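Student: I have a structure here, written as structure tokens, and I will follow up with some questions on it.
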Amino acid sequence: MGDKGYQGIQKLHSNSQIPQKKPRGGKLTCEDKKSNQELAKIRVLGEHVNRKLKVFKILSFTYRNRRKRFSLRFNLIAALYNYELRLPQTEFA
């Protein structure tokens, strides 16, 4: 799944899904608009996860430590994120 910038991805991965582009001088059909909205709903979930994980600067910048430890650190960050998902959400007044 990607955004409209990944137009060539379908040549590499046949099962990828990208939104329909509006043709030049034309309009999208209602079906294409609905399809794009459904893809956007799914894609935004992944974008939210990416944002939450990038709070940890180790995932935002070039990793400069030993490669051997990167997977351990990434797994720890993912575990923290998954743990946070299980916590009850509290609202602040």
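Student: Using only Cα atoms and rounding to the nearest 10 degrees, what angle (0 to 90) does helix 67-86 make with the longest principal axis of the chain?
Tutor: So the helix axis and the longest Cα principal axis differ by about 80 degrees.
Student: Now a separate question. Near residue 22, which lysines are there with a Cα under 18 Å away, not counting those fewer than 8 places off in the same chain?
Tutor: Counting by Cα, and skipping residues close in sequence, residue 22 has these lysines nearby: 4, 33, 34.
Student: Now for a separate question. For helix 30-53, what angle does its Cα long axis make with the longest principal axis of the chain, in degrees from 0 to 90 and rounded to 10?
Tutor: 10
Student: Can I ask one more? If you take the square roots of the eigenvalues of the alpha-carbon gyration tensor of the chain and sort them as a ≥ b ≥ c, do you get rounded (a/c under 1.5), prolate (a/b over b/c) or oblate?
Tutor: Details: a/c = 3.05, a/b = 1.63, b/c = 1.87.
Oblate shape, in that a/c is at least 1.5 and b/c is the bigger or equal ratio.
Student: Using Cα pairs closer than 8 Å and at least 6 residues apart in sequence, work out the relative contact order for the chain, in percent.
Tutor: Values: 39 pairs, mean separation 16.2, N = 93.
With pairs under 8 Å counted, the relative contact order is 17 percent.
Student: With each run of n ≥ 4 DSSP H residues scored as -39500 (n - 2.57), what mean residue ellipticity at 222 nm is computed for the chain after dividing by its residue count and rounding to the nearest 500 deg cm²/dmol?
Tutor: Estimated from H runs of four or more residues: -17000 deg cm²/dmol.
Each value in this text was obtained by applying a stated rule to the coordinates, not by laboratory testing. Predicted model only: the values in this text are computed from it and were never measured.
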